[in-house]
Structure formats: C-alpha cells, structure tokens
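These notes are about the structure you will find just below.
The values are calculated or read from the model by the stated rules, or taken from the named source; none is laboratory data. The shown structure was predicted, so the numbers you read here are calculated from the model rather than taken from an experiment. Glycine gets a Cβ as well: all are built from the backbone with ideal geometry, and neighbour counts include every protein chain shown. We work out accessible area using only protein heavy atoms, side chains counted, and drop any ligands, DNA or RNA first. Shrake-Rupley method; radii C 1.70, N 1.55, O 1.52, S 1.80 Å.
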Amino acid sequence: MAILDSNWARRGSAVLLLIYLTALITGTHLPHPEDLISVEGNDKWLHFGAYFGLAFLMATRLQTLRPVTRSALLAIWSLAAVTGVVDELTQMLPGINRQCEFADWLADIVGAACGLSVWQLIRCLSNSRWVR
C-alpha cells in the first residue's frame, strides 16, 4: 500500500489512532451513556463497531511502520482483547456507574476480529499480498 509509506501517513495514522482510542476510553467511562446515545435493544453493536474500528486503525498504523504478518495481526487482536478487558473492568470503579459485562467484551473481541478481517480483505483487493 504505497500511500501508507509516506511520513504524512505515519504521523496521521498515529494521531488518528490516539484520538480514536482516547474517544473510545472516554466514551465507555461516561456515566449514563443512554443520555448521549440512544441504542435500540442493546449496546453490543456499539462495542462491536468500536473495536472493529480500533483493530482496523491499529493494523493501518502498523502497516505504516513495517509489513504486517499473521503474528502481528494476532498481536493486534490480543491487544484489542486486553484493552476490552481493562475497559470493562475499569467501568466498575466508583463514580462511573457503568456495568462490567462479559457479553460486552465478547462483542469487543468479535468486532476486533472482523475489523482485522476487513482490513486484510481491503489489503488483498488493493493488489497487496496476503500476510504471511
């Protein structure tokens, strides 16, 4: 992916990932999120989408630094999973008034896996090689 080889892409991907992660962590720790976002049914789609985006941006950022291998994708997925666990557990801190739910974490890791799959598909379709 030639566009990801420039200094602009390296800096831009780092800034975008940092902003995204900050918004993700802040958003998941605001008390009473239903006042900010109306979610029909449950919030699992929000978790899925948030971690889809996180993993996608992490893979994009890594691609600006070095070739992305299968083991790197597994590491990104693992990091997203750990981030999800920490995110859920810290929601139990006093004053946050949020619930730690195993199902939310499952939505996080499935979203991250799908984000990495779509990232790899786009990479393949853009005439790049599949990861080794």
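M92 passes every criterion in (1) assigned to a loop (DSSP other than H, G, I, E, B); (2) more than 21 Å from L21 (Cα to Cα) apart from (2). Entry remark, the range 43-74: residues being modelled with pLDDT of 95 or more, of a type in the set (A, V, I, L, M) and open to solvent by 60 Å² or more (accessible area, probe 1.4 Å) number 1 in total. Restricted to the range 85-100, and to residues there that are closer than 20 Å to A55 by Cβ and touching a helix residue (DSSP H, G or I) at 6+ places or on another chain (Cβ under 8 Å), the residue that is most open to solvent (accessible area, probe 1.4 Å) is V85.
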